[in-house]
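Peer 1: First the structure, which I've put down as structure tokens, then a few questions once you've had a look.
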Amino acid sequence: MNRASLEKKPREVARMFDGVAQRYDLTNDVLSLGQDRIWRVATRKAVGARPGERVLDLAAGTGTSSEEYADAGIDVVPCDFSTGMMAVGKRRRPDLPFVAGDATALPFADQTFDAVTISFGLRNVVDTDRALREMLRVTRPGGRLVVCEFSRPSWAPFRAVYETYLGQVLPRVASLVSSNTDAYTYLTESILTWPAQRDLAATLQRAGWRQVAYRNLSGGIVALHRAVRPA
């Protein structure tokens, strides 16, 4: 199957990402106009991991964000359900301990990590609530969660321009740089149907996370949600 549906069946989504793995990082750079690098830095700062701490990097893909943690002396575990994406990352960084795993049934013991982070992957999970509870389970008391995800620009005129970009410009650009244009049609649809910032914050609260807060990046194209597991 070339693309996943909005039902987000895990095998469909994994196969879709397997199919775009080779040029995934390049395509992200082009489609985000380089903003993805800024978002990655902001996410890493929000996680605030220190050497000696253990971080779970979910939806790690090719390990682009994980390698930045590793280079800073952080004990990072990149985890993804796309074996194709991880294979690309493993060739580039064989030192990273890639783990195949589904966010709704993580292959880790309780209270394993000081921090969990997931970037641009939560909206691809079939059951958001269950995934957030799993992240809570594997996080140590007092540990933190950082979710970086596409969101909804707060200023209506900018939101209209952004949605035009998603619907008309992004597919054309993707056809030039990606091996699977259909995958980026799914990307557009999944962004437009994803909850707004306050709604996702409420979902985090329901899953048991506390001290939930968020801030917008790039005018709300992306939102950075932060939360803490109660002690």
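The values are calculated or read from the model by the stated rules, or taken from the named source; none is laboratory data. Since we're looking at a predicted model, the values are computed, not measured. FYI the Cβ positions are ideal-geometry reconstructions off the backbone, even for glycines, and counts take in every protein chain you see. The protein model used for the area step is the full one, side chains on, heavy atoms only, and it has no ligands, DNA or RNA in it. Shrake-Rupley method; radii C 1.70, N 1.55, O 1.52, S 1.80 Å.
Peer 1: For the range 32-51, what are the residues that are assigned to a helix (DSSP H, G or I), without any contact (Cβ under 8 Å) to a residue 24 or more places away in the chain and open to solvent by 30 Å² or more (accessible area, probe 1.4 Å)? Explain how you work it out, then say what you get.
Peer 2: Restricting attention to the range 32-51, the residues satisfying the condition of being assigned to a helix (DSSP H, G or I) are 35-47.
Checking the rest, the ones that are also without any contact (Cβ under 8 Å) to a residue 24 or more places away in the chain come to 36-37, 41, 45.
Within the range 32-51, 37, 41, 45 meet the criteria.
Peer 1: Return yes or no: is residue 15 in contact with a strand residue (DSSP E or B) (Cβ under 7 Å, 6 or more places away or on another chain) and touching a residue at least 12 places away in the same chain (Cβ under 8 Å)?
Peer 2: Working: in contact with a strand residue (DSSP E or B) (Cβ under 7 Å, 6 or more places away or on another chain): no; touching a residue at least 12 places away in the same chain (Cβ under 8 Å): yes.
No: the conditions fail for residue 15.
Peer 1: Could you grab me the full set of residues in the range 87-102 that are aliphatic (A, V, I, L, M) and open to solvent by 10 Å² or more (accessible area, probe 1.4 Å)? Walk me through it before giving the result.
Peer 2: The initial filter retains those residues of the range 87-102 that are aliphatic (A, V, I, L, M), namely 87-88, 96, 99-100.
Selection gives 87, 88, 99, 100.
Each row is one residue, and each column tells you yes or no for (1) of a type outside the set (A, V, I, L, M, F, W, C); (2) touching a Gly at 6+ places or on another chain (Cβ under 7 Å); (3) open to solvent by less than 40 Å² (accessible area, probe 1.4 Å).
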{"site": "53", "(1), (2), (3)": "yes, no, yes"}
{"site": "58", "(1), (2), (3)": "no, yes, yes"}
{"site": "66", "(1), (2), (3)": "yes, no, yes"}
{"site": "85", "(1), (2), (3)": "no, yes, yes"}
{"site": "124", "(1), (2), (3)": "yes, no, yes"}
{"site": "127", "(1), (2), (3)": "yes, no, no"}
{"site": "150", "(1), (2), (3)": "no, no, yes"}
{"site": "153", "(1), (2), (3)": "yes, yes, yes"}
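Peer 1: Need pairs with beta-carbon distance below 7 Å; first residue among the aliphatic types (A, V, I, L, M) and in a strand (DSSP E or B) and within the range 71-86, second modelled with pLDDT of 95 or more and open to solvent by less than 50 Å² (accessible area, probe 1.4 Å); sequence gap 6+ or separate chains.
Peer 2: Close Cβ pairs (under 7 Å, with a partner that is modelled with pLDDT of 95 or more and open to solvent by less than 50 Å² (accessible area, probe 1.4 Å)) amount to 76/55; 76/57; 76/66; 76/69; 76/70; 77/56; 77/57; 77/99.
Peer 1: Only one of these is out of contact with any Ser or Thr (no Cβ under 8 Å at 6 or more places or on another chain), buried (at least 21 other Cβ atoms within 10 Å of the Cβ), closer than 19 Å to residue 46 by Cβ and not aromatic (Phe, Trp, Tyr): 73, 143. Name it. Can you show your working first?
Peer 2: Numbers: 73 fails: buried (at least 21 other Cβ atoms within 10 Å of the Cβ).
The unique qualifying residue is 143.
Peer 1: May I ask you to list the residues in the range 132-162 that are in a helix (DSSP H, G or I), in contact (Cβ under 8 Å) with a residue 40 or more places away in the chain and among the β-branched types (Val, Ile, Thr)? Before you say what the answer is, go through the steps one by one.
Peer 2: Filtering the range 132-162 down to residues in a helix (DSSP H, G or I) leaves 132-138, 156-162.
Keeping just the survivors that are in contact (Cβ under 8 Å) with a residue 40 or more places away in the chain gives 132-133, 135-136, 138, 158-159, 162.
Correct list: 138 only.
Peer 1: Sort out which residues of the range 163-220 are among the hydroxyl-bearing types (Ser, Thr, Tyr), loosely packed, with under 15 Cβ neighbours inside 10 Å and in contact (Cβ under 8 Å) with a residue 60 or more places away in the chain, and write them in order of number.
Peer 2: Those that are among the hydroxyl-bearing types (Ser, Thr, Tyr), loosely packed, with under 15 Cβ neighbours inside 10 Å and in contact (Cβ under 8 Å) with a residue 60 or more places away in the chain: 179, 193.
Peer 1: Further, regarding this structure: Of the residues that sit in the range 110-122 and are in contact with a Ser or Thr (Cβ under 9 Å, 6 or more places away or on another chain) and surrounded by 16 or more Cβ atoms within 10 Å (Cβ to Cβ), which one is nearest to residue 222 (Cα to Cα)?
Peer 2: 119
Peer 1: Please enumerate the residues belonging to the range 159-206 that are within 19 Å of residue 145 (Cα to Cα), more than 18 Å from the chain's Cα centre (by Cα) and hydrophobic (A, V, I, L, M, F, W, C).
Peer 2: Answer for the range 159-206, where residues must be within 19 Å of residue 145 (Cα to Cα), more than 18 Å from the chain's Cα centre (by Cα) and hydrophobic (A, V, I, L, M, F, W, C): just 202.
Peer 1: Would you tally the residues in the range 140-166 being in contact with a helix residue (DSSP H, G or I) (Cβ under 6 Å, 6 or more places away or on another chain) and closer than 21 Å to residue 27 by Cα?
Peer 2: Adding up the residues that qualify gives 5.
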